[in-house]
1. So Val24 passes all but one of these: (1) in contact (Cβ under 8 Å) with a residue 40 or more places away in the chain; (2) surrounded by 16 or more Cβ atoms within 10 Å (Cβ to Cβ); (3) of a type in the set (A, V, I, L, M, F, W, C). Which condition number does it fail?
2. Give the residues of segment 39-51 that are closer than 16 Å to Gly10 by Cα and over 9 Å from the mean Cα position of the chain (by Cα), sorted by residue number.
3. Can you tell me which condition Val50 does not meet? The list is (1) surrounded by 15 or more Cβ atoms within 10 Å (Cβ to Cβ); (2) under 20 Å from Met1 (Cβ atoms), and all the others hold.
4. Is there any pair linking a residue in segment 1-19 that is under 18 Å from Gly36 (Cα atoms) and among the basic types (Lys, Arg) to one that is modelled with pLDDT of 95 or more and surrounded by 12 or more Cβ atoms within 10 Å (Cβ to Cβ), with Cβ under 7 Å and at least six apart or on different chains, and which?
Amino acid sequence: MVALISAPLGEAATVAKIDAEDRVKRRLEDLGVLAGQPVTPVADSMGNTVLRVKDSRLVINHGLAKRIFVY
């Protein structure tokens, strides 16, 4: 299990856990980022990580990407 920020770009990973406040977890779940779901980091730029989640792209800051763990 590694932090999302350390996951290789372009390779799908499965969310293992999110170490964040409940309101942040709920918002991520609303956007499709939840335990057991695949995400693919596609870019890393200017303090942000771009993820492919299902058929969408989502941009999160590095602080949050450090608290999302994937395998």
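The values are calculated or read from the model by the stated rules, or taken from the named source; none is laboratory data. Since the structure is predicted, the reported quantities are computational estimates derived from the model, not experimental observations. Virtual Cβ from ideal backbone geometry, glycine too; neighbours counted across all protein chains shown.
1. (2)
2. Here is the first cut: in segment 39-51, the ones closer than 16 Å to Gly10 by Cα are 39-45, 48-51.
Passing the criteria: Val42, Ala43, Asp44, Ser45, Asn48.
3. For Val50, the exception is condition (2).
4. Lys17/Ala35; Lys17/Phe69
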